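The values are calculated or read from the model by the stated rules, or taken from the named source; none is laboratory data. Quick caveat: nothing in here was measured; it's all calculated off a predicted structure. So basically every Cβ, Gly included, is an ideal-geometry build from the backbone, and we count neighbours across all protein chains shown. Protein only, heavy atoms only, side chains kept; ligands, DNA and RNA dropped before computing areas. Shrake-Rupley method; radii C 1.70, N 1.55, O 1.52, S 1.80 Å.
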Amino acid sequence: MKTFYIETFGCQMNAHDSEKVVGTLVSEGYLQVEAPEQADLILYNTCSIRDKAEQKVFHRLQQFKKEQGKGKVFGVLGCVAQQEGEAIFERAPHVSLVAGSASYAKLPSMLVQLEAGDRRVTGLKFDAEEAFETPFTRRDNPHRAYITIIEGCDKACSYCVVPFTRGPERSRTSASVLKEAGELASMGYTEIQLLGQNVNSYRDPSPAAWNFARLLRAVGEVNGIRRVRFTTSHPRDFVEDIVKAIDENPVLCNHVHLPVQSGSNRVLEGMQRLYTREDYLRRIAWMKAARRPISITTDIIVGFPGETEAEFEDTLALLEEVQYDSLFSFKYSKRPNTAALGLVDHIAEEEKSRRLTILQEYQRAIQIRRNTDLIGTIEETFIEGYNQATGQWVGRTTQNRILNFIHAEHTGPKDGETLAGRYVNVRVTRAGPNSLAGEAV
Ligand code: SAM
Ligand code: SF4
């Protein structure tokens with residue numbers, strides 16, 4: 001039997017793409033193995049969102065170069081593959097397959113070429129009109145499942161490589177998304193995460209022409225599904241109806257990740273984000289006016305070219321105003337092909353690091369305050385597993401907070417029996433910056 005090993009870098013979209021790739025390979029008669037040394041085919045599903053991510057891929061590729069002599073075949077998939085294209089064959093001559101995510105539908109035919117001994121197989125065109133649909137997805141998590149609703153991105157944020165690596169937007173039909181959600185529910189999944197670079201610009205290509213809010217409502221009605229999450233939302237396309245949908249149905253988790261990137265209008269313009277700070281705050285106001293307490297999280301880039309100290313402070317002031325529950329923060333990183341490359345006044349690395357540290361400390365204090373406010377509340381928690389080291393169960397609240405807790409009747413997994421996948425009510429007794437702790441009630 002042919003064997004393969006796959007390693008995945010980057011975002012949830014990549015993680016889910018790998019699940020589809022694995023499913024496709026297994027359906028083609030391949031067996032997945034745990035280590036590259038055991039595999040005939042070694043695949044890296046790569047990320048190129050920042051330069052560090054990209055360097056990691058090439059480093060990893062070099063580590064296993066000597067395995068080639070043992071007859072192994074190497075493939076690079078995902079964003080680095082799409083971005084670097086055939087140049088990968090030059091930089092890493094032991095690679096035989098280079099394919100971007102828009103070509104995965106052709107994976108079976110690319111495998112046939114590889115098996116026939118082809119040394120340079122590529123899948124780099126954005127000619128797949130439809131999203132990558134596969135009945136063979138092999139899911140890593142037995143309780144929470146991802147569903148891609150839209151692939152690619154039609155925005156042109158000046159710092160971002162995604163439009164180049166994932167191509168133009170392609171939405172899946174609502175019927176196909178609902179069919180997948182129904183199948184997942186009948187397999188025992190209770191939580192679904194809808195994925196896309198910009199889920200808000202979802203547009204059903206079938207005559208029903210549903211928008212994202214309509215689709216979200218429908219997924220929330222699927223029998224057996226208890227939690228629905230979605231990521232990521234672009235503020236420009238985030239409409240109030242999404243907040244209304246969350247208010248109407250507790251199955252839709254009350255958490256919205258709404259990346260702002262900067263609190264300065266001048267920087268937002270340079271980033272080509274297509275909204276102002278005021279537009280963004282209007283969306284925050286919709287969420288704060290909701291009946292359910294909606295947790296809000298974001299992404300921030302510090303040190304965008306030309307960002308002044310005062311503009312950086314505008315971002316800190318925005319954090320104070322919004323009071324995010326969590327955020328991902330990054331130093332601006334130059335990316336090939338992007339418009340921001342042409343901007344003058346790039347910020348020194350040390351200065352970016354200084355701003356990042358200040359921002360993270362600022363946000364840490366906000367999170368301690370916000371989490372402390374939850375002490376004494378009872379939170380429905382979806383159990384993900386058990387931490388042997390701390391002797392606590394680990395779960396997540398609907399707001400996506402991590403909650404570590406003890407359970408008087410279940411002091412740990414016994415005889416292979418675990419609480420993972422169940423929902424319990426937990427009283428919050430302690431709070432840290434990144435998680436809560438409590439006791440099941
Ligand atoms: N489509 C999503 C969006 O618009 O928010 C996610 C894009 S990306 C996978 C996730 C985050 O990476 C972005 O929100 C941004 O903060 C960060 N990012 C993207 N390009 C970057 C760059 N060149 N340098 C630093 N951070 C970057
Ligand atoms: Fe990148 Fe902007 Fe598209 Fe997000 S919306 S993937 S940041 S171009």
Sole residue being of a type in the set (Asp, Glu), more than 16 Å from ligand 1 (Cβ to nearest atom) and touching a residue at least 12 places away in the same chain (Cβ under 8 Å), chosen from 325, 279 = 325
Within the stretch 310-360, restricting to residues that are open to solvent by 70 Å² or more (accessible area, probe 1.4 Å) and touching a strand residue (DSSP E or B) at 6+ places or on another chain (Cβ under 7 Å), the one that is farthest from ligand 2 (Cβ to nearest atom) is 360
If you check residue 335 against the conditions, is it within 23 Å of the chain's Cα centre (by Cα) and either within 25 Å of residue 153 (Cβ to Cβ) or not aliphatic (A, V, I, L, M) (or both)?
-> yes
Could you tell me which of the residues 358, 375 is in contact (Cβ under 8 Å) with a residue 24 or more places away in the chain and not in a loop (DSSP other than H, G, I, E, B)?
-> 358
Out of the stretch 36-49, which residues are surrounded by fewer than 15 Cβ atoms within 10 Å (Cβ to Cβ) and touching a helix residue (DSSP H, G or I) at 6+ places or on another chain (Cβ under 9 Å)?
-> 37
Give, as residue ranges, the strands (runs of 3 or more DSSP E) completely inside the stretch 182-264 that count at least 2 residues that are at pLDDT below 95, more than 16 Å from ligand 2 (Cβ to nearest atom) and β-branched (Val, Ile, Thr).
-> none
Candidate set: the stretch 167-214, residues that are within 20 Å of residue 382 (Cα to Cα) and of a type in the set (Val, Ile, Thr); chosen: the one surrounded by the most Cβ atoms within 10 Å (Cβ to Cβ) = 192
Taking the stretch 144-162 as the search range and keeping residues that are part of a loop (DSSP other than H, G, I, E, B), open to solvent by less than 10 Å² (accessible area, probe 1.4 Å) and out of contact with any Asp or Glu (no Cβ under 6 Å at 6 or more places or on another chain), which one is nearest to ligand 1 (Cβ to nearest atom)?
-> 161
Has the stretch 406-420 got at least one residue that is touching a residue at least 12 places away in the same chain (Cβ under 8 Å), part of a loop (DSSP other than H, G, I, E, B) and under 24 Å from residue 254 (Cα atoms)?
-> yes
Which of (1) open to solvent by 60 Å² or more (accessible area, probe 1.4 Å); (2) touching a Lys or Arg at 6+ places or on another chain (Cβ under 6 Å) does residue 23 not meet, given it meets every other one?
-> (1)
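The rows are residues; the columns are (1) closer than 22 Å to residue 14 by Cβ; (2) touching a strand residue (DSSP E or B) at 6+ places or on another chain (Cβ under 6 Å); (3) of a type outside the set (Gly, Ala, Ser); (4) touching a residue at least 60 places away in the same chain (Cβ under 8 Å).
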| site | (1), (2), (3), (4) |
| --- | --- |
| 61 | yes, no, yes, no |
| 65 | no, no, yes, no |
| 70 | no, no, yes, no |
| 73 | yes, yes, yes, no |
| 76 | yes, yes, yes, no |
| 85 | yes, no, no, no |
| 96 | yes, yes, no, no |
| 105 | yes, no, no, no |
Being within 17 Å of residue 161 (Cα to Cα) and exposed (fewer than 13 other Cβ atoms within 10 Å of the Cβ) narrows it down to one of 52, 66, 70, so name that one.
-> 52
Checked against (1) among the aliphatic types (A, V, I, L, M); (2) open to solvent by less than 10 Å² (accessible area, probe 1.4 Å); (3) within 23 Å of residue 117 (Cα to Cα), residue 33 satisfies every condition except (2)
Residue 105: over 30 Å from residue 173 (Cβ atoms) and open to solvent by 10 Å² or more (accessible area, probe 1.4 Å), yes or no?
-> no
Quick check: anything in the stretch 107-116 in a loop (DSSP other than H, G, I, E, B) and modelled with pLDDT under 95?
-> yes
Considering the stretch 268-308 alone, what residues qualify as being out of contact with any Leu (no Cβ under 9 Å at 6 or more places or on another chain), over 29 Å from residue 335 (Cα atoms) and among the hydrophobic types (A, V, I, L, M, F, W, C)?
-> 285, 286, 289, 290, 294
Scope the stretch 1-20; condition outside any strand (DSSP E or B) and open to solvent by 30 Å² or more (accessible area, probe 1.4 Å); matching residues | 1, 10, 11, 12, 15
Of the numbered conditions (1) open to solvent by less than 10 Å² (accessible area, probe 1.4 Å); (2) within 16 Å of ligand 2 (Cβ to nearest atom); (3) more than 18 Å from residue 343 (Cα to Cα), residue 271 satisfies every one except a single condition; which is it?
-> (3)
Scanning the stretch 294-309 for residues that are exposed (fewer than 15 other Cβ atoms within 10 Å of the Cβ) and assigned to a loop (DSSP other than H, G, I, E, B) gives 308
Mind checking whether some residue in the stretch 229-248 is buried (at least 20 other Cβ atoms within 10 Å of the Cβ), more than 30 Å from residue 356 (Cβ to Cβ) and aromatic (Phe, Trp, Tyr)?
-> no
